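To start, the structure itself, in structure tokens.
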Amino acid sequence: MVASTVGIDAMAFHGPECFVDMVELATARGVDPGKYTKGLGQLEMAVATPCEDTVSLATVAARKCLTAFDIDPQEIGTLIVGTETGVDHSKPVAVYVHELLGLPSNCRTFETKHACYGAMAGLTSAIDWIVAGRARGKKALIVASDIARYGAGTPGEPTQGAGAVAMVVSETPRLLALDKEVFGDYTRQVMDFWRPLYSKYAFTDGHYSIDCYLDALSGAWSDAAAKAGSHDRVAMRNLNACFYHVPFVKMARKAHHRHWEVELGRSISREDEEHAMKVTDSFEVLVSPWLTLNAIVGNIYTGSLFLALIDYLRAADESREGGNISMFSYGSGCGAAFCFAKVVEGASRHAGRLDPSTALAARRKLAIAEYEEILAAYDAADANDGEHLSPARWKLRGDLFYIGTRNHIRQYYP
Ligand code: COA
């Protein structure tokens, strides 16, 4: 039977146990702290130690999601991990997660890669699976898991971060019902950000990547509007919140500006004070309030859009139920999607289940010297039969860690 509704039933975030303060990082780099805190909008940045890899972050986020929303692993019929930070040229992160979660063997499992767009690609694939009637009552688990690394002293350094967002997609969503029909798509081959097979660090043409992102937003929105048949169905005045890919918080402001322009059908200059003011006011109402987690976690690539969504839903009260939202996903290289959803009745009852604030408050602040030590240790962490990685070295307290590679096989503890 074809599903009449499909959407997000459960969500959770899991991030590293350590972070750096952006004022301290700026000071260490000889940069005015205002550039990082106001110019980019970042206050803190999650730092993954070598023991916290894409697999462990993804698995713990998924466990939290299933447990908090009382979902039995046996209910999962599809598992997709979207990531830029794969751990193997061939073997998907998803199959490690499948084993660590104890998912059934008849669960189809794969990894999606398209820079920061990978999890949205997974989400759309899950929707198609359910709408096609192939889920047969089962649910899909989508995990966005990444460690953003540009390297010390690079322009991209303040836009690093790490973490994973897990979400369960089903025919009976408790959080968000997705618009199955109106999906705007956009693809263009551009060299704005890439990571060759031989490099652990991303290469990026940072300012060009911002232009590519904004052009992709225009393209994906225009496609969504054309598919909707009427601008009314996608109009911002009918939205209660707008979510964008957030490599750094200021990017969401630029995105919202472009969203306005594309809907208006012309650009808005600084001199056009009337419209410039409207965009600023609209940003403060529709976007800014739910960027607080992104500001203290940093860039988590595939999960950053969904982290903002968690921020919105964790504070949801009944007044948000029934409200419409938009979501824009961008992956460098590039691929993008613009889609729409509605907060379902009763969603506010689950707000406490997806709030990560307790774990975030328990994070340990790193001195900049220790952060740099971690970057150096990370470079050596994937050597075959290298040093046994000890979670105690970084005072980690979690319950799943990568501890090194033996006989070319990644080892996890416990
Ligand atoms: N106080 C307040 N704001 C300040 C400031 C200060 N002291 N100094 C600079 N700024 C502002 C700048 O005006 C600029 O704001 P604007 O974009 O609104 O004009 C912002 O801080 C960033 O400064 P900029 O000089 O552009 O930084 P940069 O050249 O070091 O590069 C990125 C910024 C984002 C391009 C770089 O961090 C990067 O390459 N990141 C990785 C790629 C990425 O995230 N791409 C995003 C699309 S996917």
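The values are calculated or read from the model by the stated rules, or taken from the named source; none is laboratory data. Since this is a predicted model, take the numbers as computed values, not measurements. In this analysis, Cβ positions are derived from the backbone assuming ideal geometry, glycine residues included, and neighbour counts consider all displayed protein chains. Protein only, heavy atoms only, side chains kept; ligands, DNA and RNA dropped before computing areas. Shrake-Rupley method; radii C 1.70, N 1.55, O 1.52, S 1.80 Å.
Which sequence of V81, V23 reflects their accessible areas, 1.4 Å probe, from the largest down? Kindly include the intermediate steps, with their values, before the conclusion.
Values: V81 0, V23 65 Å².
Per-residue accessible area, sorted high to low, gives V23, V81.
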Compute, for C18, the solvent-accessible surface of its heavy atoms (probe 1.4 Å) with the complete set of protein chains present, and express it in square angstrom to the nearest 10. 0
For the range 139-195 and the range 230-255, what is the centre-to-centre distance using only Cα atoms, to the nearest Å? 16
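Counting Lys +1, Arg +1, Asp -1, Glu -1, what net charge surrounds P104 among other residues with beta carbon under 11 Å of its beta carbon?
Numbers: positive: R108, K138; negative: D72, E75.
Computed value for this residue: 0.
Using the beta-carbon distance between E75 and V31 and R0 = 41 Å, what value does 1/(1 + (r/R0)^6) give for FRET efficiency, to the nearest 0.05?
Values: r = 49 Å, r/R0 = 1.18.
So, using R0 = 41 Å, E works out to roughly 0.25.
For the chain, what proportion of DSSP beta bridges, expressed in % and rounded to the nearest 5, is antiparallel?
Values: 46 of 65 bridges.
Bridges in the chain that DSSP calls antiparallel: roughly 70 percent.
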Which value, in Å² rounded to 10, gives the accessible area of W290 with a 1.4 Å probe and all protein chains present? 20
Within the set E274, E345, E24, GNM on the chain using Cα springs under 10 Å gives the largest fluctuation to E274
Can you pull the one-decimal nm distance between simple spin-label points at S390 and A152, each 7 Å off the Cα toward Cβ? 2.2
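From the cross-link list K200/K254; K180/K254; K139/K180; K35/K113; K138/K227; K38/K278, which pairs have alpha carbons spaced over 24 Å apart?
Working: K200/K254 29 Å; K180/K254 27 Å; K139/K180 16 Å; K35/K113 31 Å; K138/K227 29 Å; K38/K278 21 Å.
The pairs that break the limit, which is 24 Å between Cα atoms, are K200/K254; K180/K254; K35/K113; K138/K227.
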Kindly report, to the nearest 10 Å², the accessible surface of D317 as traced by a 1.4 Å probe over protein heavy atoms only. 80
Two-site label geometry, K227 and E99: point separation in nm, points 7 Å out along Cα→Cβ: 3.7
